[in-house]
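Undergrad: Mind having a look at this structure? Questions to follow.
Laboratory data are not the source of any read-out in this text; all were calculated from the coordinates shown. Because the structure is a prediction, the values reported are computed rather than measured. A quick note on method: Cβ atoms are made from the backbone with ideal geometry, for glycine too, and the neighbour counts reach across all protein chains shown.
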Amino acid sequence: MNDWTERYKKKILTAERAIKQIKRGSRIFLGTGCGVPYHLVQELAKSAARMADNEIVHLLTLGDTPSADPEFQNQFRHNSFFISENMRDAVSEGRADYTPIMLSDIPYLFKRGRMAIDVALIQVSPPDRHGYCSLGISVDITKSAAENADMIIAQVNENMPFTHGDTFINVRDIDYLVPYTEPIFEFHADEPNETIQLIGSYVARLIENESTLELGIGALPQAVCTSLLETGVNDLGIHTEMFSDSLIDLIESGVVTCKKKTLHPGKVIASFVMGTKKLYDYIDNNPLFEFHPSEYVNDPYIIAQNNKMVAINSALEVDLTGQVCADSIGHKFYSGIGGQVDFIRGAKRSPKGKAIICMQSTAMDGTVSRIVPRLSEGAGVVTTRGDVDIVVTEYGLASLHGKTIRERVLSLIAIAHPKFRNELLEAAKKMKYVFEDQVPFKSKGTYFASEYETSEVFKGPDGRPIRVHFRLIRPDDADRIKELFYDLSEESIFFRFLTPLKSLRRQTLQDFYDVDQDRDISIVAVIKPDDESETERIIGAARYLLDRSTNEAEFALLVQDDYQNRGIGTFMLNHLMRIARSKGVETFVAYVHPRNYPMIKFLHKRGNIIESRLSMADDEYIFKIKL
């Protein structure tokens with residue numbers, strides 16, 4: 001109401017007079033992110049001469065924070081739960097503190113008195129006719145800090161959006177009101193580069209219809225949102241500690257509806273936002289959005305109640321066992337734990353949930369690998385190897401949850417930058433993480449090339465339709481290939497290997513995936529045993545090896561017995577031929593045992609045979625097929 005200043009004039013002070021109410025030695029809480037009360041922050045710095053030993057605690061701050069300047073280190077000492085760019089120098093130089101803690105736990109520090117708050121400096125909307133102000137874009141830990149502070153000083157800003165949910169604080173609980181209207185700080189995320197856009201596309205491929213997402217800020221969430229607009233996924237929901245402008249397009253396009261959420265259906269749930277005025281105007285008095293404190297939004301138990309919860313977070317470094325460092329670069333603290341562990345643990349306990357860690361494969365202009373044999377000295381583990389689920393770089397994704405160290409190593413090296421792969425492999429061999437005779441990585445590109453991926457529905461062994469996915473083979477498929485081998489009949493083994501093998505030697509196993517994609521291609525046919533399973537099962541494999549001198553490629557097919565005569569082998573060969581043609585290969589060559597009548601019949605039915613003859617030793621047929 002326009003007359004609110006009249007109604008509450010006894011509580012109204014100028015910023016200068018309000019700051020004078022703060023005693024020396026007080027612990028001062030500062031509102032979060034774009035919700036920082038900048039007018040009060042500036043006045044706090046102006047009052048430095050009368051301050052001494054004041055601790056300023058906060059989640060993260062943006063923009064100019066003069067109280068963190070070296071000249072004020074005797075008056076103020078910042079204590080940050082998440083180190084933003086304007087705090088890094090102060091923390092690294094020892095002029096400010098960093099408290100590592102999960103975001104969901106911070107409010108309990110205030111409530112239980114382990115970090116008692118003397119004064120809370122917050123920013124709110126003007127009060128409504130009932131005397132309620134909204135914390136607007138910054139509820140997070142701000143609400144808890146205000147509720148547990150001995151004194152609340154609130155900057156009342158006409159530009160603060162009025163948001164719904166558990167965002168309200170009554171004027172009767174505020175000690176001093178400082179009316180001051182200024183633009184809400186805007187955060188402009190960097191535009192995604194080509195690498196980040198590629199990572200975003202891999203993440204988008206993991207998101208199913210009716211999933212609920214945790215997003216975040218920066219170029220990566222923007223890349224994920226852009227990719228989601230292109231995948232055709234629908235009825236997504238949002239449960240996230242924060243979001244930015246990139247969410248608007250998903251809502252406006254109908255990709256995000258929140259209708260299918262199992263918790264808070266029809267609502268976007270968050271605790272704070274950082275974005276532009278466009279976003280602030282969009283959420284203002286918009287009932288689609290509900291804001292709640294961090295102890296609720298980030299509670300893993302609450303998060304897990306969202307079916308198909310997908311948590312998307314970032315990392316600075318990941319070691320070969322899956323340990324994730326996300327808050328420091330060596331000894332230097334860089335950011336914070338934030339909500340990463342909260343959402344990873346919540347998502348993993350969600351029905352069909354996924355927890356995704358994203359990062360570029362290299363740092364420092366490509367000179368350093370972010371996937372490392374061991375974390376840098378001093379680097380902290382934010383997400384443990386027991387919690388980690390999926391890691392994504394621009395070279396693909398590694399699914400680590402429940403995997404052995406050997407499987408993790410091969411999966412992570414496969415998504416490392418190609419120039420570091422064999423260096424990482426040698427380090428893994430020295431640490432006995434993999435076999436000493438593990439073959440080097442030949443591929444110079446990605447094992448997740450979308451142009452080689454496709455899927456088709458076939459009739460399964462029980463007569464019901466099954467969807468079979470076809471993709472490039474990867475080094476971490478070794479155990480799945482071994483399972484395929486032991487599922488084969490003796491006849492299938494003999495016809496494929498032309499010898500009655502009883503076991504699969506490791507070298508033979510490695511031959512399956514030891515390919516150079518510039519010349520040779522090896523693909524697999526995979527299924528998931530049921531809708532709830534996250535584990536792929538290989539039911540077929542096909543490959544060709546190119547002889548550059550003749551431009552002819554020898555090919556071979558293998559389909560598990562229960563899935564033979566269902567069109568899977570035909571589809572796999574056709575797919576292999578399409579790939580070969582795109583690479584300029586002219587002829588396929590097959591060597592078939594004379595008693596392998598099904599394969600001989602299969603090849604004759606295909607047509608395009610330009611040569612069919614028995615070898616000189618009469619122990620195999622040679623077929624040549626024109627592509």
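Undergrad: GLU423 versus GLU456, label points 7 Å from Cα toward the beta carbon: distance in nm?
TA: Between GLU423 and GLU456, the simple spin-label model gives 4.2 nm.
Undergrad: Largest first and to the nearest Å, give the Cα extent of the chain along each principal axis.
TA: 105, 48, 39
Undergrad: State to the nearest 20 debye the size of the charge dipole of the chain about its Cα centre, where the only charges are +1 on K and R beta carbons and -1 on D and E beta carbons.
TA: Working: 74 positive and 87 negative charges, 207 e Å.
Dipole magnitude for the chain comes out near 1000 debye.
Undergrad: If amide hydrogens are placed 1.01 Å from N in the peptide plane, which non-local residues have theirs closer than 5 Å to the one on MET309?
TA: For MET309, the qualifying residues are THR212, GLY353, LYS354.
Undergrad: Semi-axes, largest first, in whole Å: what does sqrt of 5 times each Cα gyration tensor eigenvalue give for the stretch 411-515?
TA: Listed largest to smallest, the semi-axes of the stretch 411-515 are 28, 21, 11 Å.
Undergrad: What do you get for Rg/Rh of the stretch 4-117 when both radii come from the Cα atoms and Rh is the Kirkwood radius?
TA: Details: Rg = 14.6 Å, Rh = 14.9 Å.
We get a ratio of 0.98 for the stretch 4-117.
Undergrad: Follow-up. Would you compute, from DSSP H runs of 4+ residues alone, the mean residue ellipticity of the chain at 222 nm, taking -39500 (n - 2.57) per run and dividing by the full residue count, rounded to the nearest 500?
TA: Values: 20 runs with 169 residues, N = 627.
Helix contribution divided over all residues of the chain: -7500 deg cm²/dmol.
Undergrad: Applying the Karplus parametrisation 6.51 cos²θ - 1.76 cosθ + 1.60 with θ = phi - 60° to the phi angles of the stretch 49-61, what ³J(HN,Hα) value in whole Hz is obtained for each residue in order, glycine and proline being reported as x?
TA: These are the phi-based 3J(HN,Hα) values: 4, 9, 9, 7, 6, 8, 9, 10, 9, 6, 7, 8, 10 Hz.
Undergrad: At a threshold of 8 angstrom on Cα-Cα distance, excluding pairs fewer than six apart, so keeping six or more, what relative contact order does the stretch 352-406 reach in percent?
TA: About 38 percent, as a whole number.
Undergrad: Using a cut-off of 12 Å between alpha-carbon atoms, which aspartates and glutamates can reach LYS261, once sequence neighbours fewer than 8 places away in the same chain are excluded?
TA: Those aspartates and glutamates meeting the cut-off are GLU210, ASP235.
Undergrad: Here's something else I'd like to know. On full extension of the chain, what length is gained from THR5 through ARG505, given 0.36 nm per residue of separation minus the C-alpha to C-alpha distance?
TA: Contour length minus the Cα-Cα distance gives 171.7 nm.
Undergrad: Continuing with the same structure: Give the Debye-formula value of log10 I(q)/I(0) at each listed q (0.21, 0.27, 0.29 Å⁻¹), with one equal scatterer per alpha carbon of the stretch 263-302, two decimals each.
TA: Taken in order of the listed q values, log10 I(q)/I(0) reads -0.71, -0.99, -1.06.
Undergrad: Tell me, what HN-Hα J-couplings in whole Hz come from the Karplus equation 6.51 cos²θ - 1.76 cosθ + 1.60 at θ = phi - 60° for each residue of the stretch 366-374, using x for Gly and Pro?
TA: For the stretch 366-374, the Karplus curve yields x, 8, 10, 7, 7, 8, 10, x, 8 Hz.
Undergrad: Roughly how many whole Å is it from the C-alpha centroid of the stretch 366-437 to that of the stretch 114-152?
TA: If you average the Cα positions of each part, the centres end up 44 Å apart.
Undergrad: Then there's this: Just want the answer: with Cβ charges of +1 for Lys and Arg and -1 for Asp and Glu, which residue in MET431, LEU397, TRP4 is farthest toward the dipole's positive end in the chain?
TA: Going by the charge dipole, the pick is MET431.
Undergrad: Compute the whole-percent fraction of alpha carbon pairs in the stretch 454-626 spaced more than 25 Å apart.
TA: 32 percent
Undergrad: Which of the three applies to the stretch 186-297, rounded, prolate or oblate, going by the alpha-carbon gyration tensor with a ≥ b ≥ c and a/c under 1.5 meaning rounded? Don't jump to the answer; show the numbers that get you there.
TA: Working: a/c = 1.68, a/b = 1.17, b/c = 1.44.
Cα axes put the stretch 186-297 in the oblate bin.
Undergrad: Where both partners of a DSSP beta bridge lie in the stretch 4-179, what percent of those bridges are antiparallel, to the nearest 5? Each step should come with its number before you reach the end.
TA: Details: 3 of 28 bridges.
In the stretch 4-179, approximately 10 percent of DSSP beta bridges are antiparallel ones.
Undergrad: Could you quote the convex hull projected area for the stretch 541-627, Cα atoms only and averaged over all directions, in nm²?
TA: Directional mean of the projected Cα hull area for the stretch 541-627 stands at 5.7 nm².
Undergrad: Just want to confirm a number: the relative contact order over the chain, from Cα pairs under 8 angstrom separated by 6+ residues, in percent. Write down the numbers at each step before the final one.
TA: Working: 1388 pairs, mean separation 51.5, N = 627.
Reported as a whole number, the value is 8 percent.
Undergrad: While we're on this one: Over the residues of the stretch 142-192, compute the C-alpha Rg and express it relative to 2.2 N^0.38 Å.
TA: 1.41
Undergrad: Looking at the square roots a ≥ b ≥ c of the eigenvalues of the Cα gyration tensor of the stretch 121-245, which shape do they give, rounded for a/c under 1.5, prolate if a/b is larger than b/c, or oblate?
TA: Details: a/c = 3.08, a/b = 2.35, b/c = 1.31.
Prolate shape, in that a/c is at least 1.5 and a/b is the bigger ratio.
Undergrad: Continuing with this model, one more query. In a Debye calculation with equal point scatterers on the alpha-carbon sites of the stretch 75-134 and no solvent, what is log10 I(q)/I(0) at q = 0.23 Å⁻¹?
TA: -1.04
Undergrad: Where does the stretch 304-344 land on Rg(C-alpha)/(2.2 N^0.38 Å)?
TA: After normalising by residue count via 2.2 N^0.38 Å, the value is 1.35.
Undergrad: Right, another one. What does DSSP give for the chain in terms of the percent of beta bridges that are antiparallel, rounded to the nearest 5? Write out the running numbers ahead of the final one.
TA: Numbers: 51 of 103 bridges.
Bridges in the chain are about 50 percent antiparallel.
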